[in-house]
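J.: Below you'll find the structure I mean.
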Amino acid sequence: MVWVNALVQGVLLGGLYALFAAGLSLMFGVMRFVNIAHGDFIVVAAYLMLTFVVTWGLPPAVGVAGVVLILGVSGYLTQRLLLDRVLGKDILPPILVTFGMSIILQNGLLEIFSADSRKLATGGWETASVLLPQGIAVGLLPFLMFLTAVGVIWALQWLFYHTALGRMLRATSDDAEMVPLMGANRNHVFALATGLASLVVGVAGIWLAMKTNFDPAAGPARLLFAFEAVIIGGLGNLWGTLLGGIVLGVAQTFGAQVDAGFQILAGHLAFLAVLILRPTGLMPKVSHT
């Protein structure tokens, strides 16, 4: 029963990692671009949620809407005003720019909020549980977190395959050079993709604030977990990202059963094993055409 419980907890933890990774997977799938500051934006969203709810005393629903809106708009503007200037065949300039953004965000958060670790208190939700079959009880927050991850990924998949924006994003993913011939502005499509990814980052940051402690330097670790989940699942495949998050989460919870200090290393070893055995990931992306 201990290992069954570890499996369930790992699956639920994988939902959080999938939320971390979904935005990264989306940006790579559309633009073939890895945002080094991705994890830091997740932490920014967590601090925004903390500020809205704790410092300003806003209702949680208003805080959630504010975080998602701010992240979405900032993602669109960042792409149009900054990243569009460096995107091209050379992958080094955007990596360097987003690395610089990461350093700026970390130091900015450190200046504003100090190095103290923070967490958003959720009251009774922290101890509430959901009873699953076979008498397995899981925490309400991890359960809702996993459902959120499934819902977000389902919504992104629906958008990609049932809307005009989705068709444009898929066309851009397959051949960005052809987008202007379809009467669309490639930079605008890129910015919409970044804005959409940033919405997901906002959701991930909200759950991070409620799930665990965070500080201004927590971004790189979130980026690492997101990157591993994306690679394990398959680059650009959103459902694969969920699977990758689950594999990573289960590996960590199983590792924790062996030894508490082995938890994070177990996840890294699972990532390495997938790279060796299946370099394209468990669910590699297929062409949209």
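The values are calculated or read from the model by the stated rules, or taken from the named source; none is laboratory data. Bear in mind that the values here come from a model prediction, so they are computed numbers and not experimental data. Glycine gets a Cβ as well: all are built from the backbone with ideal geometry, and neighbour counts include every protein chain shown. Surface accessibility is based on the protein's heavy atoms, side chains included, excluding ligands, DNA and RNA. Shrake-Rupley method; radii C 1.70, N 1.55, O 1.52, S 1.80 Å.
J.: Within 10 Å, at most 16 other Cβ atoms, and a DSSP state outside H, G, I, E, B define an exposed site. Report the longest part of the chain free of exposed trypsin sites (Lys or Arg not before Pro).
T.: On the way: sites that count: Arg32, Lys89, Lys119.
The segment 120-289 is the longest one with no such site.
J.: Length gain on complete extension for the stretch Val73 to Asp116, per 0.36 nm per residue less the alpha carbon to alpha carbon distance?
T.: Separation in residues times 0.36 nm, less the Cα-Cα distance, equals 12.7 nm.
J.: In addition: List the lysines whose Cα lies under 27 Å from the Cα of Lys211, skipping any in the same chain that are fewer than 8 positions away.
T.: Straight-line reach from Lys211, under 27 Å: Lys119.
J.: Same structure again: Mind running the shape call on the stretch 77-183? Use the C-alpha gyration tensor, a ≥ b ≥ c as the square roots of the eigenvalues: rounded below 1.5 for a/c, prolate if a/b tops b/c, oblate otherwise. Don't skip to the answer; put the middle values down first.
T.: Details: a/c = 3.51, a/b = 1.36, b/c = 2.57.
Verdict is oblate for the stretch 77-183.
J.: First check a/c for the stretch 1-277, with a ≥ b ≥ c the square roots of the eigenvalues of its C-alpha gyration tensor; if it is under 1.5, answer rounded, and if not, answer prolate when a/b is larger than b/c or oblate otherwise.
T.: Numbers: a/c = 1.62, a/b = 1.34, b/c = 1.21.
Because a/c hits 1.5 or more and a/b exceeds b/c, the stretch 1-277 counts as prolate.
J.: So for the pair Glu126, Tyr161, with labels modelled 7 Å out along Cα→Cβ, what separation do we get in nm?
T.: Calculated label separation equals 4.1 nm.
J.: With a 1.4 Å probe and all protein chains kept in place, how much accessible area does Val54 have, in Å² rounded to the nearest 10?
T.: 90 Å²
J.: Multiply the residue gap between Ala221 and Thr280 by 0.36 nm, knock off their C-alpha separation, and tell me the result in nm, one decimal place.
T.: 19.0 nm
J.: Using a cut-off of 9 Å between beta-carbons, work out the net charge of the residues near Leu109 (Lys and Arg +1, Asp and Glu -1, Leu109 not included).
T.: My count for the surroundings of Leu109 gives -3.
J.: Extending each Cα 7 Å along its Cβ direction at Val86 and Leu265, get the distance between those two points in nm, one decimal.
T.: Simple spin-label model gives 3.5 nm for this pair.
J.: Mind running the shape call on the stretch 8-164? Use the C-alpha gyration tensor, a ≥ b ≥ c as the square roots of the eigenvalues: rounded below 1.5 for a/c, prolate if a/b tops b/c, oblate otherwise.
T.: Here the stretch 8-164 falls in the oblate category.
J.: As a test question: what accessible area, to the nearest 10 Å², does Leu13 have when a 1.4 Å probe is rolled over all protein chains in place?
T.: Counting only protein heavy atoms, Leu13 exposes about 30 Å² to solvent.
J.: Expressed as an acute angle from 0 to 90° and rounded to the nearest 10, what is the orientation of the C-alpha long axis of helix 140-162 relative to the principal long axis of the chain?
T.: Helix 140-162 sits at roughly 20 degrees to that axis.
J.: Given +1 on the Cβ of Lys and Arg, -1 on the Cβ of Asp and Glu, and no further charges, what dipole in debye does the stretch 1-277 carry about its Cα centre, rounded to the nearest 20?
T.: Working: 11 positive and 12 negative charges, 79 e Å.
Dipole of the stretch 1-277, to the nearest 20 debye: 380 debye.
J.: How much length, in nm to one decimal, is gained on full extension between Asn213 and His188, taken as 0.36 nm per residue of separation minus their Cα-Cα distance? Don't jump to the answer; show the numbers that get you there.
T.: Values: separation 25, 0.36 × 25 = 9.00 nm, distance 3.61 nm.
Working it through step by step, the gained length comes to 5.4 nm.
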